[in-house]
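Quick notes on the structure that follows.
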Amino acid sequence: MKKITLFLLFIGFQLQAQESRFSLGVTTMEELKMTHYEKDSTAVAVVLLDAGDTHHDVRMTNSLDLITDYYQRVKILKKEGVDRATVSFRYYGDEKILNISGVTYNLNEAGAKVENVLEKKDVFTKKLNESWSEVSFTLPNVQVGSVIEFRYSLRSPYFDFVRDWRFQSDIPVVASKYKSSILGNWKYNIRLMGFLKMDVDNPTIRKNCVDAPNYDAASCINLEYEMYDIPKFESEKYMSSKENYVSKLIFDLISYTSYERIQGYGSSSSLKEKVKKYTQTWEDADKQLRKWMLDGQTSKRNFFKKQLPANIFNESDPLKKSQAVFSFIQNHYNWNSRYISVDRVDVKKSFEEKVGSVDAINLALYNSLQAIDIESYPVVLSTRSNGFPTDLFPVINDFNYLIVKAIVNGKTYFLDAVDKYLAFGQVSFECLNGKVRVLDFDKGSYWEVMNLKATRSTSTRLNLNLNKENAFEGDMTVTTKGYSASDRREEFDSMTEEQYLEKIETQSPYLEIQDYKRIHKEDVNKPLQEKFTVTFFDDSQQFKYQRINPFFDQRFTENPFKLQERKYPVDFGAPYNYSYLLNLKIPEGYDIISIPENAEVRLPNRGGVFMLKVQKKENEVNVFMRYVLNKTTYEGEEYQKLKEFFNQIIKAQKSYIEVKPN
């Protein structure tokens, strides 16, 4: 990640004229004859040039509007790439989209270039909500072999917001170029995200870009960034937000400086400088967070003290008392599906209505813990889908979720009462996204990594006998803990028991369930148990049960990791532990010829282990399999080892027990 700090002085109003940045019609015959992209033979399309230029509007006197001109040229290589012909982009509030134009280029039978121009009637605008609108169009006559190019301009009166520039896409990019020329009133931190390096990084100062009579002309900063031969970004399982890793520039506004002319004696005058800070220090940021997210709602302990059940105050153990408060708040509310309230939070009103956003519910939890004298703090974070928060400098807009930190009997717990299926000490899986910011307004706020005990844990135990109908019958017990348990409890409430069992049988077509019961379904602080009476009709009937695959549960059929290279981390969110124990009895009349070989694979640095142990005793086979992923995150350099780890699990699960009639 790269950090650049810019601050230049602007003291005038009239800008020098600037011409339009991009024009169409630069597609070459070589591009039209292109049949594949040498650097990626799998590419369905390739961006030949993606270009942008941000600058201040010069077409209206004294206007400070920001104009960003966009241009893109794309080669269509395969049928799957034809959908690149449809383009859409969003704009906010009073922003405007200008100068949309586009062309499709093809070769006719004679080998000559043919153009199809985008018509105005084929450009559509729709309002998405009160704040956002969307423009979309589909370029005409796009087919395999076409080159398409289009441009448009975004005019924004919101000069305090510069959009991100994305270098990387879901198809490869030959060249991505971005320029900006912004007046010195605005001070930005500029971050380069992702794992790719810039080929051109050229900031320069442009003098005399602003003409202020009777004063020295002010300067602008010209930024020039270029990146070439950019591979496509390939998403894969077990990752946090794509936005954490795709290569892009992010502009974070620090401050804006304005000037007021002060008239002195006679004809003399001077300029008075006024600086508006958006966030300068973390102390400033914490103050803004307190006003924005908390808004006076952290001092309601007396109200909640009156609302808590009386029996809670009779409990002497602080942990049990805290758990009782958590359970009370957790079951009192229904979440309205909002993270942070757009309007002012009113915790009293939310409590009375029993409905609230994330901040309303968890601020109620915070106040309630305060009411029973438990040391606790509001905690702000960014969810997985929202991307990592930056801790390089204060950016409060990164945060979109609020939880609570409690210290009970000397131990730290992070709590989230929004989800009714979470145990005490768990937070929503969406919250497992790096560091969090603990808001301590007495001693000073700070960053902290959540060290949660909660994992994903599943344990399956089977006792099966081969019956006279050549089917395996017996009992199965599945015990889940942590996020595995909370996911199942949530699933229980989303369907009937009959639908749930039907889903399991559909996922395991050789399984038939005769009886079923649940233990600890309602008690989220205890492991969840499911007990089944089952019959398995094994998938090896064509062998007349000479070969038996003993892995009846959670059999991997393919590796979740398929990329040749993955630079971004594998993020499981939480450690995982799976164990499988099978006791398989073969009836008289059969001999056990062979069993799967024992296996063991370990990831480096105690990252995890897979083991398979199989024992034969007379006409009984015991199979024990376990795989453990001890880490939440595995870095890019660990990817190949992790990929091979799962290859070995798949290989082991393809092994058989061989029997034959005696």
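The values are calculated or read from the model by the stated rules, or taken from the named source; none is laboratory data. Just so it is clear, the model here is predicted, and its values are computed rather than measured. Here the Cβ is made from the backbone with ideal geometry for all residues, glycine too, and neighbour counts use every protein chain on show.
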Scanning the range 593-612 residue by residue, those under 19 Å from Tyr578 (Cβ atoms), surrounded by 14 or more Cβ atoms within 10 Å (Cβ to Cβ) and touching a residue at least 12 places away in the same chain (Cβ under 8 Å) turn out to be Pro596, Ala599, Val601, Leu603, Gly607, Gly608, Val609, Phe610, Met611, Leu612
Contact list, first residue from the range 132-145 and under 14 Å from Lys75 (Cα atoms) and outside the structural domain of Val44 (by TED's automatic domain parsing), second anywhere and assigned to a strand (DSSP E or B) and at pLDDT 95 or above, beta-carbon distance below 6 Å, six or more apart or interchain, is none
Is the range 618-625 home to any residue that is at pLDDT below 90, surrounded by fewer than 15 Cβ atoms within 10 Å (Cβ to Cβ) and among the acidic types (Asp, Glu)? yes
Considering the range 401-434, residues that are under 12 Å from the mean Cα position of the chain (by Cα) and of a type outside the set (Phe, Trp, Tyr), and then whichever is surrounded by the fewest Cβ atoms within 10 Å (Cβ to Cβ), we arrive at Gly434
Of (1) in a helix (DSSP H, G or I); (2) at pLDDT below 75, Thr279 satisfies every one except (1)
Only one of Ala324, Ala310 is farther than 21 Å from Leu381 by Cβ, surrounded by 16 or more Cβ atoms within 10 Å (Cβ to Cβ) and more than 32 Å from the chain's Cα centre (by Cα), namely Ala324
Would you mind stating whether Ala371 is out of contact with any Asp or Glu (no Cβ under 7 Å at 6 or more places or on another chain), under 27 Å from Glu491 (Cα atoms) and either free of Cβ contacts under 8 Å to residues at least 40 places away in the same chain or outside the structural domain of Asn577 (by TED's automatic domain parsing) (or both)? no
Checking the structure you have, find out if any residue of the range 192-201 is modelled with pLDDT of 85 or more, crowded, with 18+ Cβ neighbours inside 10 Å and part of a loop (DSSP other than H, G, I, E, B). yes
Within the range 429-450, of all residues that are out of contact with any strand residue (DSSP E or B) (no Cβ under 8 Å at 6 or more places or on another chain) and either outside the structural domain of Lys287 (by TED's automatic domain parsing) or part of a loop (DSSP other than H, G, I, E, B) (or both), the one nearest to Ser327 (Cα to Cα) is Leu432
By my count, strands (runs of 3 or more DSSP E) wholly in the range 81-129 with at least 2 residues that are under 25 Å from Leu48 (Cα atoms) and in contact (Cβ under 8 Å) with a residue 12 or more places away in the chain are 86-92, 96-107, 113-117
Here the residues within the range 435-462 that are crowded, with 16+ Cβ neighbours inside 10 Å and over 18 Å from Ser382 (Cβ atoms) are Ala454, Thr455, Arg456, Ser457, Thr458, Ser459, Thr460, Arg461, Leu462
Verdict on Ile374 being touching a Ser or Thr at 6+ places or on another chain (Cβ under 9 Å), surrounded by fewer than 23 Cβ atoms within 10 Å (Cβ to Cβ) and within 18 Å of Ile312 (Cβ to Cβ):
yes
Being more than 21 Å from Asp493 (Cβ to Cβ) and either of a type in the set (Phe, Trp, Tyr) or in contact (Cβ under 8 Å) with a residue 60 or more places away in the chain (or both) narrows Phe414, Phe429 down to just Phe414
All-but-one check, Lys503 against (1) without any contact (Cβ under 8 Å) to a residue 12 or more places away in the chain; (2) assigned to a loop (DSSP other than H, G, I, E, B), failing number (2)
Report task. Go through the residues of the range 386-400 one by one and say whether even a single one is under 25 Å from Pro575 (Cβ atoms) and surrounded by 24 or more Cβ atoms within 10 Å (Cβ to Cβ). Result -> no
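Looking only at residues in the range 489-536 that are within 30 Å of Ser322 (Cα to Cα), among the aliphatic types (A, V, I, L, M) and touching a helix residue (DSSP H, G or I) at 6+ places or on another chain (Cβ under 8 Å), which one is surrounded by the fewest Cβ atoms within 10 Å (Cβ to Cβ)?
This residue is Val524.
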Exactly one of Ala110, Ala85 is in contact with a strand residue (DSSP E or B) (Cβ under 7 Å, 6 or more places away or on another chain) and either aliphatic (A, V, I, L, M) or buried (at least 19 other Cβ atoms within 10 Å of the Cβ) (or both), and that residue is Ala85
Of (1) under 30 Å from Lys468 (Cα atoms); (2) modelled with pLDDT of 90 or more, Asp571 fails just (1)
query = Is at least one residue of the range 335-357 under 22 Å from Gly425 (Cα atoms), buried (at least 24 other Cβ atoms within 10 Å of the Cβ) and free of Cβ contacts under 8 Å to residues at least 40 places away in the same chain?
reply = yes
By residue number, the members of the range 144-173 that are surrounded by fewer than 18 Cβ atoms within 10 Å (Cβ to Cβ), of a type in the set (A, V, I, L, M, F, W, C) and under 29 Å from the mean Cα position of the chain (by Cα) are Phe161
